[in-house]
1. If you check every pair at least six apart or on different chains, which have Cβ atoms under 6 Å apart with a residue in segment 308-322 that is under 20 Å from Ile336 (Cα atoms) first and a residue that is acidic (Asp, Glu) and at pLDDT 95 or above second?
2. Going through Ala120, Ala106 one at a time, which residue ends up being out of contact with any Cys (no Cβ under 9 Å at 6 or more places or on another chain) and hydrophobic (A, V, I, L, M, F, W, C)?
3. Which number in (1) surrounded by fewer than 21 Cβ atoms within 10 Å (Cβ to Cβ); (2) touching a residue at least 12 places away in the same chain (Cβ under 8 Å) marks the one condition that Lys339 misses?
4. Restricting to segment 209-232, and then to whatever is in a helix (DSSP H, G or I) and in contact with a helix residue (DSSP H, G or I) (Cβ under 6 Å, 6 or more places away or on another chain), can you tell me which residue is nearest to Arg274 (Cα to Cα)?
5. Of the conditions (1) of a type in the set (Lys, Arg); (2) modelled with pLDDT of 90 or more; (3) open to solvent by 50 Å² or more (accessible area, probe 1.4 Å), Lys189 clears all except one; give me its number.
6. Report whether or not Thr235 is assigned to a helix (DSSP H, G or I), of a type in the set (Val, Ile, Thr) and either in contact (Cβ under 8 Å) with a residue 60 or more places away in the chain or open to solvent by 70 Å² or more (accessible area, probe 1.4 Å) (or both).
7. Kindly indicate whether any position in segment 124-137 is assigned to a helix (DSSP H, G or I) and within 22 Å of Ile10 (Cβ to Cβ).
Amino acid sequence: MKQYKAIRAIISGGGTGGHIFPAVSIANKLKELNPETEILFVGASGRMEMEKVPAAGYDIVGLPISGLQRSFSPKALKNNLMLPFKTVYSRCKARRIIKDFKPDIAIGVGGYASAPLLFAATGLGIPSLIQEQNSFAGLTNKMLGGKADCICVAYEGMEKFFPAGKIVLTGNPIRSSIKPAERPESGTKHLLIIGGSLGARTLNTAMKNWINAGCPSGEGVEVLWQCGKYYKADTDEFMRKAAESGLPVKNIRHTDFIFDMDREYAIADVVISRAGASSVSELCAAHKASIFVPSPNVAEDHQRHNAMALVVKDAAMMVSDAEAPQTLMDEAMKLIRDKERIARLERNIAALALTQAAQTIADEIYKIVEK
């Protein structure tokens, strides 16, 4: 069995859960391989990584970096005027962090903080690795690709963004508890709707429209609807009024957050979800027949690219955000009664699962460090 030496690693990036969760997974794997390994995170001040990373047990330093704001509000204009100064200061601070911490490797996962940290690291001769979660590379990672020693990706065909010789297909790190499981035999069908921790307005609107229409074709279907924290109070009120009006909601459960996601994946016949990188990777690992509704409110429209990477292989279905309020639940009801199509989607999405991503990325890190 290979012995992994203790190393010093800086991991930079964040801004969204899609960046933070893979970053923490990589850190956890490095600590598992050698508990003496020292890890420092570098994030963007005021972003969610400054809360989530310490909660996972790691130290983090913030850089005063932010992205270009596309609105014309006074706050956005002020931010854009300050952006060049924030960038210069962040690079200088990143250099100080690197000189103080003396890492063996710098790891970037995308997000605002990755750029100044990895530019500073490569300028100081520190080897680097990038992990790109999406099928359409983010701007930060594209800028850094030429300087990185290795680029770990989750999708095929990433040569259009990065030097081919540096790419390693690893997949995205996901929770180890997410695995395929036999669905319990019953006459009831189960539909799982995942709107994310904050919720997805479009998915919630689609559900409300379906309920108001009397849940057409929903006989014998149980629905678990994750409406999200932001929409919980509104959904509580909607469901109360729907029940009082005699609408058929007894087979619908709604919640702001799902704690036992492995169980819900296991019993679901069909899953409706946004197409963030982590969600897509989990559904591949769970071998679930899925309908993706990509969010249009993300950089480079990467959720649509993520979904299409599966759709073209007949491994998932996709409904656009604009069409979802009117058509999503009709498509879901058709799919949930089509055993042959569910089986085909499950078989095809299973073929895309890369479940050892954290270990594979860690191995690439050690290849670089031990050169």
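1. Pairs found: Val319/Glu331.
2. Matching residue, one of Ala120, Ala106: Ala106.
3. Evaluating Lys339 over (1) surrounded by fewer than 21 Cβ atoms within 10 Å (Cβ to Cβ); (2) touching a residue at least 12 places away in the same chain (Cβ under 8 Å) leaves (2) as the failure.
4. Tyr231
5. It is condition (3) that Lys189 fails.
6. no
7. Within segment 124-137, the first condition is being assigned to a helix (DSSP H, G or I), and the residues that meet it are none.
No.
Listed here are the residues, each with its yes/no results for (1) at positive phi; (2) open to solvent by less than 20 Å² (accessible area, probe 1.4 Å); (3) not charged (D, E, K, R).
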position: Cys92; (1), (2), (3): no, no, yes
position: Arg96; (1), (2), (3): no, no, no
position: Ile105; (1), (2), (3): no, yes, yes
position: Leu117; (1), (2), (3): no, yes, yes
position: Leu124; (1), (2), (3): no, no, yes
position: Asn134; (1), (2), (3): no, yes, yes
position: Ala148; (1), (2), (3): no, yes, yes
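The values are calculated or read from the model by the stated rules, or taken from the named source; none is laboratory data. This one's a predicted model, so the numbers in the text were calculated from it and none came from an experiment. Don't worry about glycine lacking a Cβ; one is built from the backbone with ideal geometry, like all the others, and counts go over all protein chains shown. When the accessible area is computed, the model is the full protein with side chains, heavy atoms only, and any ligands, DNA or RNA have been set aside. Shrake-Rupley method; radii C 1.70, N 1.55, O 1.52, S 1.80 Å.
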